[in-house]
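Participant: The structure's right below; bear with me while I get my questions together.
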């Protein structure tokens with residue numbers, strides 16, 4: 001665990017992610033003593049803000065009183081930079097010496113469009129901001145990582161011309177949730193559970209993330225991406241890979257990633273008949289208000305997949321996600337061939353496992369006692385930032401996992417026009 005000073009640099013420093021998640025996570029780690037006091041957060045954006053204005057902006061953006069107080073106590077700077085041009089990164093090069101009393105470790109967090117990743121990296125390299133040997137320089141990429149397999153693979157090539165893989169962290173914030181981490185512990189810590197997860201016992205698996213809110217201020221981005229690329233490509237496929245993967249020979253990062261890749265290679269799109277896409281009714285009005293082009297963008301997706309290995313062949317697999325649905329929850333439902341038996345892994349808002357035998361709830365295992373009521377939970381970004389600082393990689397996504405996820409999604413997208421599409425009432429269930 002590092003006790004040295006850290007400079008946390010956020011490209012996209014006035015974005016929603018920076019103000020709601022990243023800045024509070026960093027301040028909490030300083031407060032907990034994970035990061036040395038005297039460390040600095042630098043937000044980079046195109047906004048004309050003084051350091052004081054930026055600090056006030058961040059503090060105002062969080063609701064929690066404790067988070068406000070912890071943000072007040074840390075060093076916060078703002079740089080106005082148009083980072084769409086690599087030459088402009090020189091401003092960061094000039095500012096860093098005054099921000100860093102001594103040679104600080106650095107985490108560069110790219111909370112921007114993936115299209116800007118190469119330009120930012122080129123600037124960091126040009127001005128020798130990621131080449132010092134006596135400190136670490138870690139680069140974090142927020143999703144989406146490309147928009148299809150071709151763009152994702154091209155992005156990887158550009159990144160690895162500049163940055164070594166050992167310094168790269170690809171975020172999927174769902175992997176930072178304690179309940180998701182506990183899927184591995186549940187699966188491999190219980191021999192009984194391991195033996196039940198196969199086609200001899202299982203009829204169907206549903207991985208579900210439902211949301212009651214609409215698209216909100218992500219409308220422009222979402223209109224281009226939709227639910228399949230925004231949620232299925234990363235969160236839901238990652239959850240499925242964790243559930244289905246074989247036990248690694250060692251529970252270490254590389255071996256876990258190897259097993260996830262193996263299972264992702266076996267997954268393919270099943271058929272259009274049992275899949276469904278939809279758009280909530282008020283979506284078109286939201287587009288009209290923002291003067292955005294109306295598209296047949298799915299805000300709901302239920303996709304059937306196959307897993308083409310001997311262990312899971314024949315098991316029906318569904319991934320489902322949507323906006324403006326009746327309830328907010330994330331869960332994995334495992335239905336056994338005996339229709340009265342099932343296991344439900346609840347991921348949000350509660351984090352527990354329900355075991356139902358003969359239609360009766362036999363047991364309930366709390367996966368996260370401290371976060372049953374979510375305000376007390378450790379935020380996923382705080383967990384992930386700590387792992388980045390300590391160079392632990394279990395909770396991140398490896399490049400070949402992203403490749404396989406996009407391969408699956410590209411297959412779905414090619415069949416999109418054949419999948420039934422419905423307009424559903426806000427807060428109703430289209431499936």
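Participant: Return the residue satisfying two criteria in turn: it lies in region 29-56 and is surrounded by 20 or more Cβ atoms within 10 Å (Cβ to Cβ) and free of Cβ contacts under 8 Å to residues at least 60 places away in the same chain, and of such residues it is nearest to residue 383 (Cα to Cα).
Facilitator: Among them, the one singled out is 30.
Participant: All but one of (1) outside any strand (DSSP E or B); (2) touching a residue at least 24 places away in the same chain (Cβ under 8 Å); (3) crowded, with 16+ Cβ neighbours inside 10 Å hold for residue 91; state the number of the condition that does not hold.
Facilitator: For residue 91, the failing item is (2).
Participant: Output the number of the condition that residue 414 fails; it satisfies all remaining conditions of (1) touching a residue at least 40 places away in the same chain (Cβ under 8 Å); (2) within 22 Å of residue 237 (Cα to Cα).
Facilitator: Here residue 414 meets the rest and fails (1).
Participant: Follow-up question, since we're still on this one. Would you confirm, using the coordinates I've provided, whether residue 141 is at pLDDT 95 or above and touching a strand residue (DSSP E or B) at 6+ places or on another chain (Cβ under 6 Å)?
Facilitator: Against the criterion (at pLDDT 95 or above and touching a strand residue (DSSP E or B) at 6+ places or on another chain (Cβ under 6 Å)), residue 141 qualifies.
Participant: Let me ask something additional. Just give me the residues in region 388-414 being surrounded by fewer than 17 Cβ atoms within 10 Å (Cβ to Cβ) and either touching a strand residue (DSSP E or B) at 6+ places or on another chain (Cβ under 8 Å) or at pLDDT below 95 (or both), in sequence order.
Facilitator: Correct list: 390, 391, 392, 394, 411.
Participant: Hey, another quick one. Scanning region 316-331 for residues that are in contact with a helix residue (DSSP H, G or I) (Cβ under 9 Å, 6 or more places away or on another chain) and part of a loop (DSSP other than H, G, I, E, B), which turns out surrounded by the most Cβ atoms within 10 Å (Cβ to Cβ)?
Facilitator: 323
Participant: Collect the residues in region 98-120 that are in contact with a strand residue (DSSP E or B) (Cβ under 7 Å, 6 or more places away or on another chain) and either part of a helix (DSSP H, G or I) or surrounded by fewer than 18 Cβ atoms within 10 Å (Cβ to Cβ) (or both), keeping them in residue-number order. First the steps, then the outcome.
Facilitator: Step one: filter region 98-120 for residues in contact with a strand residue (DSSP E or B) (Cβ under 7 Å, 6 or more places away or on another chain), giving 99-100, 104-112, 117, 120.
Matches in region 98-120: 99, 117, 120.
Participant: Could you grab me the full set of residues in region 151-164 that are assigned to a helix (DSSP H, G or I), touching a helix residue (DSSP H, G or I) at 6+ places or on another chain (Cβ under 7 Å) and over 18 Å from residue 410 (Cβ atoms)?
Facilitator: Those that are assigned to a helix (DSSP H, G or I), touching a helix residue (DSSP H, G or I) at 6+ places or on another chain (Cβ under 7 Å) and over 18 Å from residue 410 (Cβ atoms): 158, 159.
Participant: Out of 60, 55, 77, report the one residue that is part of a helix (DSSP H, G or I), more than 30 Å from residue 407 (Cβ to Cβ) and touching a strand residue (DSSP E or B) at 6+ places or on another chain (Cβ under 6 Å).
Facilitator: It is 55.
Participant: Can you spot a residue in region 347-364 that is within 30 Å of residue 152 (Cα to Cα), surrounded by fewer than 20 Cβ atoms within 10 Å (Cβ to Cβ) and either modelled with pLDDT under 90 or outside the structural domain of residue 209 (by TED's automatic domain parsing) (or both)?
Facilitator: Within region 347-364, one or more residues are within 30 Å of residue 152 (Cα to Cα), surrounded by fewer than 20 Cβ atoms within 10 Å (Cβ to Cβ) and either modelled with pLDDT under 90 or outside the structural domain of residue 209 (by TED's automatic domain parsing) (or both).
Participant: Considering each of 148, 217 in turn, give the residue that is in the same structural domain as residue 301 (by TED's automatic domain parsing), closer than 29 Å to residue 298 by Cβ, touching a residue at least 60 places away in the same chain (Cβ under 8 Å) and in contact with a helix residue (DSSP H, G or I) (Cβ under 7 Å, 6 or more places away or on another chain).
Facilitator: Going through 148, 217 in turn, the sole match is 217.
Participant: For region 84-107, indicate whether the set of residues that are within 18 Å of residue 15 (Cβ to Cβ) and modelled with pLDDT under 90 is non-empty.
Facilitator: The answer is yes; a qualifying residue exists.
Participant: Still on this structure, please answer the following. Conditions first: (1) surrounded by 20 or more Cβ atoms within 10 Å (Cβ to Cβ); (2) within 21 Å of the chain's Cα centre (by Cα); (3) closer than 29 Å to residue 28 by Cα. Residue 146 passes all but one, so which condition is the exception?
Facilitator: Only one criterion is unmet by residue 146, namely (3).
Participant: Just to be sure, is residue 120 modelled with pLDDT of 95 or more, under 28 Å from residue 399 (Cα atoms) and under 27 Å from the mean Cα position of the chain (by Cα)?
Facilitator: Answer is yes for this residue.
Participant: Which of the residues spanning region 238-261 are over 21 Å from residue 206 (Cα atoms) and surrounded by 20 or more Cβ atoms within 10 Å (Cβ to Cβ)?
Facilitator: Within region 238-261, 256, 257 meet the criteria.
The values are calculated or read from the model by the stated rules, or taken from the named source; none is laboratory data. Keep in mind that this is a model prediction, so the values were computed, not measured. We place every Cβ from the backbone using ideal geometry, glycine too, and count neighbours over all the protein chains shown.
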